[in-house]
Ligand SMILES: C[S@@+](CC[C@H](N)C(=O)[O-])C[C@H]1O[C@@H](n2cnc3c(N)ncnc32)[C@H](O)[C@@H]1O
């Protein structure tokens, strides 16, 4: 048993387990804030290597920086494990996504943030993948349009939806730039393309530490501050069914009961943009760190809701029918507080 664990046991027997966990959280957040001041991110380091090899050199340096960040993050997460206070996840994000593909048999799939194609490889639907810097190495087995652009550029293009031939997006996975304002825009732009029975999934909504939530690491290596977009979506759109899911490593959000006609998030963007863009260090709420109310991924994957949504989609049901099905089925589909 480590020294840390021994101290933790002694403390727990005197002041109680709950207080020890809180102490762990406070200590961890304080350490992260100090660390980010002592050793600021080298994200903005400019590389001025002239000549033919400059691009390759820049790429190699970016890869080295990302590897350093990953190593640092692994160490920091391991060091703070004692402070985590949530059940061990039963599925990874790709496991849950695979289950949604299998259960929903989407006709169309939109993926924002493709990278090497490990999530794209799960799709058998007519698919659009969007990423300004994809390097797909996984096998792809779907009718695919791969768009090399940022999501904002993509949604602004006149022919963006053409590949779906008039169908709504049945399933969407938002996993692009992990900055809150980008995830928020990706969400409302995607919702506008949905039908009442569509499902939108956001990745990385439950960072485990303030460091993991940093915007400096929000380019895909870390969770970033997407959790702030979720807070605002919840506040502004109580009509949505928003289900946080305890997936490995940094949690997902599954959204049901979407409304493609709603303009609430888009119209009032200027009122929330300062909150979305707030600087590091991020203040991650306790309920996010503890995954309060997050449902078990395997239980959600096994819910009868997916068969019902498929049936509702096929008969062109409306939002009221979807809401009734969600209320009737309950279980992990009904968000807990
Ligand atoms: C976490 S990776 C995606 C991983 C992939 N979905 C998976 O699960 O295998 C995030 C990707 O988002 C891309 N990205 C960065 N900025 C973006 C933007 N503005 N719009 C869309 N994608 C973006 C990055 O190039 C990166 O490949």
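The values are calculated or read from the model by the stated rules, or taken from the named source; none is laboratory data. Remember, it's a predicted structure, so these values are computed and weren't measured experimentally. Every residue, glycine as well, gets a Cβ built from its backbone with ideal geometry; the counts of neighbours run over all protein chains shown.
Values for this structure:
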quantity: Residue selected from the range 220-240 under the condition within 16 Å of residue 279 (Cβ to Cβ) and either in a loop (DSSP other than H, G, I, E, B) or without any contact (Cβ under 8 Å) to a residue 12 or more places away in the chain (or both), by the criterion farthest from the ligand (Cβ to nearest atom); calculated: 225
quantity: Looking only at the range 313-337, and only at residues there that are touching a strand residue (DSSP E or B) at 6+ places or on another chain (Cβ under 6 Å) and within 19 Å of residue 167 (Cβ to Cβ), the one that is surrounded by the most Cβ atoms within 10 Å (Cβ to Cβ); calculated: 322
quantity: Which numbered condition residue 201 fails, given (1) out of contact with any helix residue (DSSP H, G or I) (no Cβ under 6 Å at 6 or more places or on another chain); (2) in contact (Cβ under 8 Å) with a residue 40 or more places away in the chain; (3) in a loop (DSSP other than H, G, I, E, B); calculated: (3)
quantity: Residue within the range 153-165 that is more than 16 Å from the ligand (Cβ to nearest atom), modelled with pLDDT under 95, over 19 Å from the mean Cα position of the chain (by Cα) and surrounded by 15 or more Cβ atoms within 10 Å (Cβ to Cβ) present; calculated: no
quantity: Selection from the range 136-165 of residues that are within 18 Å of residue 183 (Cβ to Cβ) and part of a loop (DSSP other than H, G, I, E, B); calculated: 149, 150
quantity: Complete set of residues in the range 110-135 that are near the ligand (Cβ under 10 Å from one of its atoms), free of Cβ contacts under 8 Å to residues at least 60 places away in the same chain and in a loop (DSSP other than H, G, I, E, B); calculated: 114, 116, 117, 118, 119, 131, 132, 133, 134, 135
